[in-house]
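Worksheet: one structure, shown below.
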Amino acid sequence: VSRRLLFTGTFAAAASAVTGSFSEAAVADRPGRARRPGRGMALRAKPATVSLGGRKVATWTYDGMVPGPIIRATAGGVVRARLVNDLPAETTVHWHGIRIDPRMDGAPGYTQAPTKPGRAFDYVFKVPDPGTYFYHSHVGTQLDRGLYGPLVVADPHEPLGYDEEFVVLLDDWLDGVDGTPDDALRRLNSTTDHDDTLRSTLLGGVSAEIRHPFHLINGRMAEAPEVFNSRPGRVVRFRVINAAADTAYRVALGGHRMTVTHADGFPCGPATVDAFLIGMGERYDFVTRLGAGAFPLVALAEGKGARAFAIVRTTRTARRPSRDVKVPELERRLLAYADLRPRRADALPRPSRTVTVTLGMRPSGNEWTLNDRLAADPLRVRVEKGETIRIVMDNTSPMWHPMHLHGHTFQVRVGDRRGPRKDTVNIKPRERLSVDVECDNPGEWMFHCHNLYHQEQGMMGVLGYG
Ligand code: C2O
Ligand code: CU
């Protein structure tokens with residue numbers, strides 16, 4: 001696939017001019033290998049047939065790949081990415097977790113009009129903070145078709161010492177395949193109202209034919225897994241991203257403990273654990289010193305009895321673990337938010353007021369709400385620029401909800417003290433959890449559950465200030 005920059009053409013640049021010098025924004029095909037540093041790149045949203053490792057699926061992609069290319073930038077620099085829409089539907093790109101200019105946030109109907117088929121949109125924005133992020137379509141449930149990819153913002157003064165890094169992108173694959181009759185697949189993949197089909201299938205219980213047969217790491221099924229090659233004794237940084245629409249994962253690396261150093265891209269006091277639970281939209285970075293051999297990297301689909309699987313290999317001759325190998329670390333010490341100590345410099349001011357948001361489920365069982373509102377009339381919270389507010393999220397439903405706020409990194413409360421800075425936080429059934437938000441980035445910001453089916457039903461609101 002040619003990755004020539006596509007900055008010519010008839011498309012009007014919709015983005016307003018951003019001045020200042022551009023830092024590199026590079027693209028890589030595979031984790032750890034950056035290429036083409038330059039002044040910009042094109043991201044082509046298009047239908048394609050991709051291999052998930054042995055199994056081919058027809059779906060929607062960025063640049064014909066699932067996941068999309070790794071976008072690498074450096075904190076303080078600018079990312080320029082031209083979205084070219086070759087899909088038969090409108091689309092946007094959302095830069096999940098970035099403290100971004102609201103006009104570049106990709107929230108359709110709130111901060112930008114979606115880009116029509118055959119048109120393009122220039123995303124040009126500063127990346128103020130280093131960290132592990134991802135990008136995805138923010139239209140309907142398009143993300144779930146494969147329209148997602150990693151965004152890694154390097155720290156020019158990286159304090160963490162490590163020898164190399166790998167990106168681990170988790171996904172629950174929906175468009176497929178096991179148990180799904182071909183004609184149903186074809187129907188799904190050929191119709192532009194795919195999203196509605198998905199929704200009614202999943203929410204209305206219309207049919208059980210569409211499930212999550214595969215759990216993927218970097219777009220690969222457990223049957224033909226991703227292999228991360230390294231050397232014994234190397235200190236490796238893993239950047240783990242959960243891009244799934246409907247699955248939280250329990251992640252462990254067999255034979256190793258993991259030292260978690262970043263939550264949602266933000267540094268935290270290191271916490272050494274055996275495993276962690278990662279909700280949709282969350283990211284964790286961990287470092288570990290690799291032993292000699294071939295080790296299973298497992299992401300257990302929480303509550304689903306299935307797993308995503310990859311191999312970390314440091315000696316060529318080591319026998320590969322099988323995809324259902326027992327990984328005792330999964331049952332040992334699990335990361336808790338309370339383990340993640342914020343750096344002192346990242347403490348937010350005391351909030352001046354509290355906003356309570358109830359995460360609810362309507363009796364129908366397939367409508368999820370914020371303060372009992374549905375998507376047609378979403379919750380709107382007005383705040384003042386400069387204030388710090390506390391959002392208390394009260395989950396009255398029997399499911400957990402990974403709640404995500406655009407454009408900010410809030411501070412999670414653990415008990416009565418300050419916890420980690422994050423932008424997505426998992427709230428367990430019947431649990432109540434608070435986050436403090438410093439309102440220092442004026443705009444209209446979506447605030448929603450990152451379970452896409454909940455978001456689409458109404459578990460989404462707007463935090464706005466000018
Ligand atoms: Cu990654 Cu509004 O979301
Ligand atoms: Cu939810």
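The values are calculated or read from the model by the stated rules, or taken from the named source; none is laboratory data. Predicted model only: the values in this text are computed from it and were never measured. Note that each Cβ is placed from the backbone with ideal geometry, even for glycine, and that neighbours are counted across all protein chains shown.
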*For region 396-418, enumerate the residues that are touching a Gly at 6+ places or on another chain (Cβ under 7 Å) and basic (Lys, Arg).*
Arg413
*asked:* Just checking, does region 413-423 include any residue being outside the structural domain of His138 (by TED's automatic domain parsing), within 13 Å of ligand 2 (Cβ to nearest atom) and under 20 Å from the mean Cα position of the chain (by Cα)?
replied: no
*Given (1) within 13 Å of ligand 2 (Cβ to nearest atom); (2) out of contact with any Asp or Glu (no Cβ under 9 Å at 6 or more places or on another chain); (3) not acidic (Asp, Glu), number of the condition Val381 does not satisfy*: (1)
*May I ask you to list the residues in region 85-128 that are closer than 23 Å to Gly466 by Cα and of a type in the set (D, E, K, R)?*
Arg99, Asp101, Arg103, Asp105, Lys126
*Can you find a residue in region 366-381 that is part of a loop (DSSP other than H, G, I, E, B) and within 23 Å of Pro128 (Cα to Cα)?*
no
*Which residue pairs have Cβ atoms closer than 8 Å, lie 6 or more positions apart in sequence or on different chains, and pair a first residue in region 422-450 that is in contact (Cβ under 8 Å) with a residue 12 or more places away in the chain and closer than 17 Å to Asp101 by Cβ with a second residue that is among the basic types (Lys, Arg) and within 16 Å of ligand 1 (Cβ to nearest atom)?*
Asn441/Arg99
*Among the residues of region 126-157 satisfying the criterion of being of a type in the set (S, T, N, Q) and in contact with a Gly (Cβ under 9 Å, 6 or more places away or on another chain), which is surrounded by the fewest Cβ atoms within 10 Å (Cβ to Cβ)?*
Thr132
*Wholly within region 1-113, strands (runs of 3 or more DSSP E) carrying at least 1 residues that are modelled with pLDDT of 80 or more and touching an Asp or Glu at 6+ places or on another chain (Cβ under 9 Å)*: 41-51, 56-62, 70-74, 78-85, 94-96
*Before we move on, is Cys439 among the hydrophobic types (A, V, I, L, M, F, W, C) and either in the same structural domain as Phe276 (by TED's automatic domain parsing) or within 14 Å of ligand 2 (Cβ to nearest atom) (or both)?*
no
*Residue check, Pro156 under 23 Å from Gly265 (Cβ atoms), modelled with pLDDT of 75 or more and part of a loop (DSSP other than H, G, I, E, B)*: yes
*asked:* If a residue must be over 19 Å from Ala318 (Cβ atoms) and crowded, with 16+ Cβ neighbours inside 10 Å, how many such residues does region 218-234 contain?
replied: 4
*If the Cβ limit is 9 Å and pairs must be 6+ apart or interchain, which residue in region 99-119 that is outside the structural domain of Val78 (by TED's automatic domain parsing) pairs with which residue that is crowded, with 16+ Cβ neighbours inside 10 Å?*
none
*asked:* Can you go through Val437, Val383 and tell me which one is more than 22 Å from the chain's Cα centre (by Cα) and within 25 Å of Gly109 (Cβ to Cβ)?
replied: Val383
*Kindly provide the set of residues from region 359-405 that are closer than 19 Å to Ser434 by Cβ and touching a helix residue (DSSP H, G or I) at 6+ places or on another chain (Cβ under 8 Å), ordered by number.*
His401
*Scan Leu374, Leu379, Leu452, Leu370 and give me the residue that is farther than 25 Å from Ala301 by Cα, of a type outside the set (Phe, Trp, Tyr) and crowded, with 22+ Cβ neighbours inside 10 Å.*
Leu370
_Considering residues of region 314-346 that are surrounded by 17 or more Cβ atoms within 10 Å (Cβ to Cβ) and among the acidic types (Asp, Glu) only, the residue farthest from the chain's Cα centre (by Cα)_ = Glu329
*Please state which one of Arg186, Arg199 is crowded, with 18+ Cβ neighbours inside 10 Å, outside the structural domain of Val57 (by TED's automatic domain parsing) and modelled with pLDDT under 85.*
Arg199
_region 456-466, subset part of a strand (DSSP E or B) and not aliphatic (A, V, I, L, M), residue nearest to ligand 1 (Cβ to nearest atom)_ = Gly461
_Condition (residue is in contact with a helix residue (DSSP H, G or I) (Cβ under 6 Å, 6 or more places away or on another chain), of a type in the set (Val, Ile, Thr) and more than 16 Å from ligand 2 (Cβ to nearest atom)) applied to region 109-119: is it met by at least one residue?_
yes
*Out of (1) surrounded by fewer than 24 Cβ atoms within 10 Å (Cβ to Cβ); (2) more than 16 Å from ligand 2 (Cβ to nearest atom), what's the single condition that is false for Tyr123?*
(1)
*Any chance region 426-436 includes a residue that's among the polar types (S, T, N, Q), within 13 Å of ligand 2 (Cβ to nearest atom), in contact with a strand residue (DSSP E or B) (Cβ under 6 Å, 6 or more places away or on another chain) and not in a strand (DSSP E or B)?*
no
*Could you list, in sequence order, the residues of region 405-455 that are within 16 Å of ligand 1 (Cβ to nearest atom) and among the acidic types (Asp, Glu)?*
Asp423, Glu444
*Restricting to region 442-466, what's the tally of residues that are small (Gly, Ala, Ser) and within 16 Å of ligand 2 (Cβ to nearest atom)?*
2
